[in-house]
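This is the structure I have questions about; it appears just below.
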Amino acid sequence: MSEWLNVLSTPDGWERLGFARHYGAKSPLWEERASRIRGALLVYRERFGDLSVHVVRSPGRINLRGMHVDTHGGYLNLMTHQREVVLVVGKGAPGRCEVANTNEDFAPLSLAWADLPQRLNDESWGAFLERPDVQQHVADHAGCWRSYITGSWLRASMALGLPSALGLHIVVDSNLPRGAALSSSAALCLALLEGWCAWHETVLSDDEKILAAQDAEWFTGSRCGTCDQAAIVLGSPGHISHGALFPKVFRSAEMTPVAFPDALRVLVINSYTRRSISGAEKVAYTRNRFAYSMAIAIVQQTLAQLGYKESEIRYCDRLSHITGEHLGGDGQVLRVLKEIPVSLDLATLRERYTLPEFDAEYTRYFADVAEAERPKEIMLRGPLLFGIAESARARHFARALHTGAYELAGEMMSCGHDGDRRIDSTGAPFVLHPDDKYLAHHIEEATPLHALPGAYGASSPALDVLVDCARAHGALGASLTGAGIAGTVLALCHGQKAPSIAEGVRAYMAGAEYHEVANLPSPRRCGRGEVDVGRVMGLGAS
């Protein structure tokens, strides 16, 4: 402990700890990060004593392009963020974990291994989560941060091949805002896994780490994909991680680093809104997600009806394979989509398509919605068009950065956001209707897939007005990041314009108009907005 505190007290010590590698050469972040890590160490010393510890850091995640496609094998453009979770981790009593958080909103935890659901020796993690006693345990602790600790403890035990993972003393510190779509939960799970591995002197491969952290988060009740964890593990300074992750055959090595241009900056704009949906709004949000969960099966069965070869149909098992190159041009992809109804009632959906996962997915999305409020009709074509076009956008986005076509990269960010948009620049409702006439027009005009927004609808008025504000002040493009409804907006900017754009956004967020749109307390209480300006920061969890 004393050694850590000493080395963190001087710039020379920061150099020794690799701050340049993590935070940029002589970055102003150095002093702030050193101060926060020292603070976490002091909390640990006060609570647990002056003992030997590991310090683990795990940065947040942003995704510049490739929204909502990671669970279906679409292309992604992932970056780490300069904000991060930091753990101070020391040995605890066998079979017990004591956890403190520097944020007083999180109560201290005292956890016993004997109180947790236990995996059977040959039981897979998926089978473990489906057990009634485990499901009840997850339900009883829904929304509790203890679930992240216990899920990571259980999953670490499985990864380490031990009947129980070592008990630890843990202090958590984070400057990642909660609920802001910056993957604070994935960062926490990865850091916890790293802590247990460090004290067992075990190193997991990148794939093992990513999948284990996903499993740990599933224990909390989430059914997240792998892009958050992959962004954090694979991140490297000055680069985005580009590629397609396919959950059924997961290989993170297929992600490749693409240099992020020195001329550009990314604004990370915290909207101060959090996802909280219920009633009619929940149905409007989740019915597109439900339809989207059926996407691949619907496309493959449509290809079969159109007479495509079996090998061609099998190849289209993920969004990154449903391309104009494979199907005979972007226009041909749109012709396939013309054969898929704009919408269908649930009974007809069941009759028309063979969907083995229908019941499980329907329960997942609508089990907590009153029977009378559950949707009777599902939008199909709009969400499908979004997913296929968004994967194409993500692929072309990386190419645009590489070739210097920065305006095109910005346009693809904004186009992708339009596929999520809820209101237009005047405040009127925004809904795109991809009917037959719409598709026929774009077939005739030979519009490339990546230029078509689709209709996923996961934004909110607050996110929409921040996107419009950033663009109005000169951003090349802007978009929500993460699952949507609330959280964070990203804006791609020329480096020399980034400070003035950030100032314009902050000023707008300090005004009454934004607080009314976002349903926030008065500007006097909230003050100016939180906008981070930066390039690609940090490395993966380390």
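Each value in this text was obtained by applying a stated rule to the coordinates, not by laboratory testing. The model shown is predicted, which means the values in this text are computed figures rather than measured ones. Glycine also receives a Cβ, built like all others from the backbone with ideal geometry; neighbour counts cover every protein chain displayed.
Could you pull the Rg and Dmax for the stretch 53-260, using just the Cα atoms, both in Å?
Radius of gyration, then largest Cα-Cα span, for the stretch 53-260: 16.3, 48 Å.
List the aspartates and glutamates whose alpha-carbon lies under 20 Å from that of LYS497, not counting same-chain residues fewer than 8 positions away?
ASP262, GLU407, GLU411, ASP468, GLU530, ASP532
Further question on the same structure: Could you tell me the calculated FRET efficiency between ALA20 and ALA472, based on Cβ-Cβ distance and R0 = 25 angstrom, to the nearest 0.05?
Rounded to the nearest 0.05, the efficiency is 0.10.
While we're here: Cross-link partners among lysines for LYS376, C-alpha distance below 21 Å, same-chain residues fewer than 8 apart left out?
LYS282
Can you pull a Stokes-Einstein diffusion coefficient for the stretch 307-376 at 4 °C (1.567 mPa s), Rh from Kirkwood over Cα pairs, as a whole number of µm²/s?
For the chosen part, D equals 88 µm²/s.
What are the residues whose amide H is under 5 Å from the amide H of GLU530, where those residues sit 5 or more places off or on another chain and H is modelled from the backbone?
Those qualifying (amide H under 5 Å, at least 5 residues apart or on another chain) are ASN270.
Let me ask another. What is the stretch 280-433 by shape, rounded, prolate or oblate, if you read a ≥ b ≥ c off the alpha carbon gyration tensor as root eigenvalues and call it rounded for a/c under 1.5, prolate for a/b larger than b/c, and oblate otherwise?
oblate
Let me ask you something else. If you fit an axis through the alpha-carbon atoms of helix 381-403 and take the longest principal axis of the Cα set of the chain, what angle between them do you get, 0 to 90°, nearest 10?
60
Check cross-link reach from LYS209 to the lysines: straight Cα distance under 28 Å, and skip same-chain residues fewer than eight apart.
Partners found: LYS91, LYS248.
Would you mind getting the Kirkwood hydrodynamic radius of the chain from its Cα pairs, rounded to one decimal in Å?
When all Cα pairs of the chain are included, the Kirkwood radius is 24.3 Å.
Modelling each spin label as a point 7 Å along the Cα-to-Cβ direction, I'd like the LEU306/THR447 distance in nm, to one decimal.
1.7
Eigenvalues of the Cα gyration tensor times 5, then square-rooted: what semi-axes does that give for the stretch 1-52, in whole angstrom, largest first?
22, 11, 7
Now, a different point. Identify the trypsin sites (Lys or Arg not before Pro) of the stretch 424-531 meeting these criteria: DSSP loop state and at most 16 other C-beta atoms within 10 Å of the C-beta.
LYS497, ARG528
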